[in-house]
Structure formats: structure tokens, C-alpha cells
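Notes for the one structure printed next.
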Amino acid sequence: MRHGEPLGPDTERYLAEAEAALGELPPHARAEVLAELRDHIARWGEEQGRAPEDLTYAEVEAELGPPEALGTWAVEGGGPTSGPLVPALPPPGRRVAGLVRWSWVAAAAAVPLAAVVSVLVYASAGHLPFHVAGTGSAVHAAGPSRPSDGRAFSSSAAAAQSATVGTSTTDRAVSAAQALEIHRTSTELAQWTLQERSVAAQLASLAAQQQAASQGAQALEDRRVQLQTEMAQVSAQRQAMARVLADQGARTLCGQPAPVADPSGTAVPVVVQVHSGTMCIWTAPQLNH
Amino acid sequence: MVTEHSSVATQLRKGVAPYCALALIAEGPRYGYELSRALAEAGVVAGSGSVYPLLARLQADGLVTSVWQPPPADGGGLPRKYYALTEAGDSALVDFRRHWTQLSTGVERLLGATAAGGRPDASR
């Protein structure tokens, strides 16, 4: 039984169904799992004293389990990716995309807010006879000397509160100092929001570049795994042929088979003339293999 | 409420099988068939075939690495894919052992008490 050699029709049918069930796996991982299933059947059949091509579908299924169940082991279960031991995070690209999406909302809210507050500031400074639509009451203009009511706006949260000033707190006066403070804060919020959007866009761009690089690296990794598998197959084939060649040479030149103790199976017979006749010496150039 | 015993067994197996595989690999590099036999004999997996996709997932999660080795000189005949534990795999195993000890102790206590017809000892 050689690596990758076709098995019996029933076994091949089982493997085809297993391949379909493993559709969630990336191609290289799926190929590796199928190669291992194939090897498992060959080894197991050997242990049972059965030729792999004689195994029935039912026998293979009894040993390996239903093919459709294999897929679930590849994508679910109690492993670290599905359990609480390692919390699952969305991929970086998705996180950045979310940030970009929400930053637009923040920017959309902050920029008009700053404009509204600016109008309020202008009005509260006495430049406009400001009236709030729908209420009929006015925001009283306040001069620089008007005492503050003690409320301070020093964070971006104040911008949201400032909207309330313009729509519902129509009967209370806003000092110029307060209005200017709100204006400064809301302007700052708008700037930070735009800045956040800019950084988020850069992050999104970087994530896209990383993803592209990762896909390139994945393709190389796929190719490496494929070559590694191929190497193992070719190596096995080479060793088998080397054994055949050594044996042929030994029988032809020395009239006896190659020494079975040779672990590499690549001993080369050399005939040496000695005084009493000829002597066969086997050299094994790849004994360290 | 438990209505499907086979489903419970499957879910229990799926919960512990990855860590049983890691524990076996932690003893030294193992090849797939060897792991599959050991896990099936221990009843941790119902079908030997499920071990291979499980190993693929552990590898994708960075908990194990693997390498194909040519057939051994003793006439094994087929290349073998050997698995070894990574540092992350070792950490996951340590973490699981800690959780498992706590959980299994608690479950044993509850099941033992109820099987004996008594009430679980809440003071312990």
C-alpha cells in the first residue's frame, strides 16, 4: 500500500462524502485531513489483515464514524475557539470597519451640533433676537457681565446637553461664558470626531493591506503544505525503488539479496577482487537518512 | 431537560476531546493514527475519523504544529504526520486542567450524592 494510492470503491465513496462534509475547512487543511483518513484506513485495514480495496462502506463507517459527522469536529465542539477559555474576537478588519461605520454617525451628529451651538452663542451674545420654533419663548441674550449659574461644560458630553439648551430649556438664560464654553467644546468634539474618522479610515486601509498580505502568505503556506505532502510521497516512492535497485544489483553481482539489516534500503553492492576470489561489500551512502 | 442521551455524550466528547488530544501530544510528538487509536480506545471519540478534523482545528488555532515524516526504517511503509504541542497549546492544556478539576469535582460530588439518595452537601 503506497501513500495516496486509490483504495477500494466503497472507501473512495466514504472519502468523497467526508470531503463534502469537510467543506468548511480551507482546501489545504481539507486535503491533509483526507490524506490522514486515507492513511488511517490503510493502516487499520493492514492491522485487520484486510486489503483496503476489500473494505466495505459499512466497515469504514464503523471505524471512522459517519462521514457527515466529521465536518462538525472541524468547526465546532469544545475547543478553544468555541469555548470560553479563549474569547472569540471579530477579525481586525471587521473591528475597524465597525469603527469607521460608527465614526460617520458621530461626525454626522457632531458637525450640525457645533453649528447649532454656534448660532446659540451668537444669539446669546445679543447679536440676534433668537426664538425657538414651536415654543414661542426666547432664549434671553446675556452679556459678558451676567453671572454664571454655576453649570460648567468641560467635556464632549456637554455638546449633547447643549442641544437641550436650544430646544427645551427655553426659559433659562445662558451666559456668554457658558455659551462660549459650549461652543468651544462642541467645536473640539467635531474636530476630534473628524480626526477619529480619519484615523479609522487609515486603520481600515491598513487592515485591508494586511488582509491582502495574509492571503498572499496563506497561498504560500498552502503551496508549502502541498509540496511537503508531495515530498513525503516522492520520498516514499524513491526509497521503495532504491530497495528494489539494491536488491537487483545484489542478486546480479553477488548472487544474493541485499542485506536486510540496511535500514535505509539503499545499500549499493561493490564487488572487490581478493586473493581467494571475489567479495561483495555493501555501501550505504544514505545510512544517516 | 435531557432528552437525547446520545447527543449529550456527543457534546461531552466534543468538550473534552481537544484537550485529551493535547494531553497525549504533550507527552511527546504523536502521529495521527496513534492519537486516533488512543482517543477511540479511551472512548473520547465515537469514530476514529473525527480525530483528524479535530487535529486540523487545533492546528488552525495554533495549539499544535505538524510535520510529515518519511516512513520509518522498520518497514512502516507509509509517511506519518507527527503533531507537537505549541506554547499556546501548553497554556490551553494547563487552563483546561484547572477548569476540569474544579468542574469534575463538583459534578462528582453532586452525582455521587444524588445517586446515594441523599442531598448534595452544600457545606463542602
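Read-outs throughout are calculated quantities, based only on the coordinates presented, and are distinct from any laboratory measurement. Here the structure is a predicted model, which is why all the values come from computation and not from measurement. So basically every Cβ, Gly included, is an ideal-geometry build from the backbone, and we count neighbours across all protein chains shown.
Jot down the per residue volume, in cubic angstrom and as a whole number, of the convex hull over the alpha-carbon atoms of segment B:15-59.
65
Non-local amide H neighbours of residue B:64 (under 5 Å, H modeled in plane, Pro and chain starts lacking H): which ones?
It is B:59, B:86, by chain and number.
Would segment B:1-110 count as rounded, prolate or oblate if I go by the C-alpha gyration tensor, calling it rounded below 1.5 in a/c and otherwise prolate when a/b exceeds b/c, oblate otherwise?
Prolate, because a/c is 1.5 or more and a/b exceeds b/c.
Could you give the dipole magnitude of segment A:1-65 about its Cα centre, charging the beta-carbon of Lys and Arg +1 and that of Asp and Glu -1, in debye to the nearest 20?
140
Using modelled amide H (1.01 Å from N, peptide plane; none on Pro or chain starts), what sits under 5 Å from the amide H of residue A:65, excluding residues fewer than 5 places away?
Here the answer is B:48, B:49, since their amide H atoms fall under 5 Å of that of residue A:65.
Within 10 Å of each Cβ of A:58-65, how many other protein chain Cβ atoms are there on average?
3
Could you give me the ³J(HN,Hα) list for segment B:51-59, computed from phi with Karplus coefficients 6.51, -1.76, 1.60 and θ = phi - 60°, whole Hz, x at Gly and Pro?
Computed from phi, the couplings for segment B:51-59 are 5, 5, x, 5, 5, 4, 5, 4, 5 Hz.
R0 = 30 Å: FRET efficiency of residue A:51 with residue A:240, Cβ-based, nearest 0.05?
That gives a FRET efficiency of 0.95.
Could you list which residues have their amide H under 5 Å from that of residue B:69, counting only those 5 or more apart in sequence or on another chain, with H placed in the peptide plane?
Hits under the 5 Å cutoff: B:80, B:81, B:82.
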